[in-house]
Amino acid sequence: MTKIKIGGVPEHFNLPIHLSIEEGLFKNVGLDVEWIEFPGGTGAMNLALRNGEIDIAIILTEGIVKDIAAGNESKIIQNYVSTPLIWGVHVAANSPFNTLDDLKDTRPAISRFGSGSHVMAYVQAKKLNWNTQAINCVVVNNLDNAIQSLSKGEADYFMWEHYTTKPLVDSNIFRRVSDFPTPWSSFVIAATSKALADKQDAISSFLEVLNTKTSSFKNINEVDVLLAKRYNQKLEDIKTWLSKTEWSQDQLPHSEIEDVQNHLLELDMIDKKQDVSFYLTII
């Protein structure tokens, strides 16, 4: 058995991996796949990839591109969710801010620098013609701390995946003032250079099993009920989310790498553009 450590966020996008583990699909091809949860999101996973704590990450596209540009010796080995991530823009329920325009020049809570919540706060600000130099980020590490930070007035808004945070909106902990979709695919699969050198055949088998699962995932009997139960979601919300979400079995399109780089370069989050082969590899 070849050991593969895979990191990801505790969100509904990753149920195909959990089911593959639980059903023994990886073990059937000689893989011992260990799932490691990262509530802190992309920034925490980038650090784990750099430190060799995980072999593979299911990670936000913009976050891994930014970190590879900054020296993370990992590669994107495949697209994972090809539809955009819908970022909810949240404030505390008792916040004086009522519209997106009210949040100009205020303080976004972010999980970490280099995380999706960090990058997308700037991408959104740029699109709205806000002064990105006026952004003062407050690092909160995870969703639980974001709740405390916003409720205490230590930060003003928090961008996180719409449906993951919807129970907080429904229970009047957060109020959503807007949604902001990424201009590119939500999640990609990235692997460390060491894992690619030492475990290439195992990673290839991992992708084969996962791709088989994701290609049929939406056809699983009552998968919407299973998702709602596991992730504490309303069934109608899960149905809506499923209708808007597509998993990929292909490499990330080169055009999307170009688009991400263009955004990051404009925001001074990377020093220069690289050829797409700097970020991608074919297994």
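The values are calculated or read from the model by the stated rules, or taken from the named source; none is laboratory data. Just so you know, these numbers come straight off a predicted model, no measurement behind them. Glycine gets a Cβ as well: all are built from the backbone with ideal geometry, and neighbour counts include every protein chain shown. Keep in mind that these areas ignore ligands, DNA and RNA; they rest on the heavy atoms of the full protein, side chains included. Shrake-Rupley method; radii C 1.70, N 1.55, O 1.52, S 1.80 Å.
Filtering Ile283, Ile257, Ile203 for residues that are surrounded by 14 or more Cβ atoms within 10 Å (Cβ to Cβ), at pLDDT below 95 and either over 30 Å from Ser151 (Cα atoms) or under 18 Å from the mean Cα position of the chain (by Cα) (or both) leaves a single hit, Ile283.
If you go through region 177-200 and keep only what is open to solvent by 30 Å² or more (accessible area, probe 1.4 Å), over 15 Å from Gln124 (Cα atoms) and not polar (S, T, N, Q), you end up with Lys194, Ala197, Asp198, Lys199.
When Gly7 is tested against the conditions (1) in contact (Cβ under 8 Å) with a residue 60 or more places away in the chain; (2) touching a Phe, Trp or Tyr at 6+ places or on another chain (Cβ under 8 Å), the lone failure is (1). Only strands (runs of 3 or more DSSP E) whose full extent lies in region 1-107 are considered here, and the ones with at least 3 residues that are in contact with an Asp or Glu (Cβ under 8 Å, 6 or more places away or on another chain) and open to solvent by 10 Å² or more (accessible area, probe 1.4 Å) are 2-8. Would you please name the residue that is surrounded by the fewest Cβ atoms within 10 Å (Cβ to Cβ), looking only at residues in region 206-254 that are in contact with a helix residue (DSSP H, G or I) (Cβ under 6 Å, 6 or more places away or on another chain) and free of Cβ contacts under 8 Å to residues at least 12 places away in the same chain? Checked region 206-254; the qualifying residue surrounded by the fewest Cβ atoms within 10 Å (Cβ to Cβ) is Leu235. Among the residues of region 148-169, how many are open to solvent by 10 Å² or more (accessible area, probe 1.4 Å) and assigned to a loop (DSSP other than H, G, I, E, B)? Residues that pass the stated criteria total 4. Annotation note: Cβ proximity below 6 Å between a residue of region 108-130 that is in contact (Cβ under 8 Å) with a residue 40 or more places away in the chain and within 19 Å of His162 (Cα to Cα) and a residue that is open to solvent by 20 Å² or more (accessible area, probe 1.4 Å) and of a type in the set (Ser, Thr, Tyr) (sequence gap 6+ or interchain) occurs for Tyr122/Thr132. So for region 133-153 (the condition being within 17 Å of the chain's Cα centre (by Cα), within 25 Å of Thr83 (Cα to Cα) and modelled with pLDDT under 95), does at least one residue qualify? Yes, region 133-153 contains at least one residue that is within 17 Å of the chain's Cα centre (by Cα), within 25 Å of Thr83 (Cα to Cα) and modelled with pLDDT under 95. Select from region 260-280 the residues that are more than 28 Å from Trp130 (Cβ to Cβ) and either free of Cβ contacts under 8 Å to residues at least 40 places away in the same chain or open to solvent by 60 Å² or more (accessible area, probe 1.4 Å) (or both) and list them in ascending order. Asp275, Val276, Ser277, Phe278 - these are the residues of region 260-280 that are more than 28 Å from Trp130 (Cβ to Cβ) and either free of Cβ contacts under 8 Å to residues at least 40 places away in the same chain or open to solvent by 60 Å² or more (accessible area, probe 1.4 Å) (or both). Out of Trp184, Trp160, I need the residue that is within 21 Å of Arg112 (Cβ to Cβ), touching a residue at least 12 places away in the same chain (Cβ under 8 Å), in contact with a strand residue (DSSP E or B) (Cβ under 9 Å, 6 or more places away or on another chain) and among the hydrophobic types (A, V, I, L, M, F, W, C). Which one? None of the other options fit; the residue is Trp160.
In this structure, is Gln133 under 23 Å from Gly63 (Cβ atoms) and surrounded by fewer than 17 Cβ atoms within 10 Å (Cβ to Cβ)? So Gln133 fits the description; yes. Quick check: is even one residue across region 87-104 under 21 Å from the mean Cα position of the chain (by Cα) and within 24 Å of Ile203 (Cα to Cα)? Looking for residues that are under 21 Å from the mean Cα position of the chain (by Cα) and within 24 Å of Ile203 (Cα to Cα), one finds none in region 87-104, hence no.
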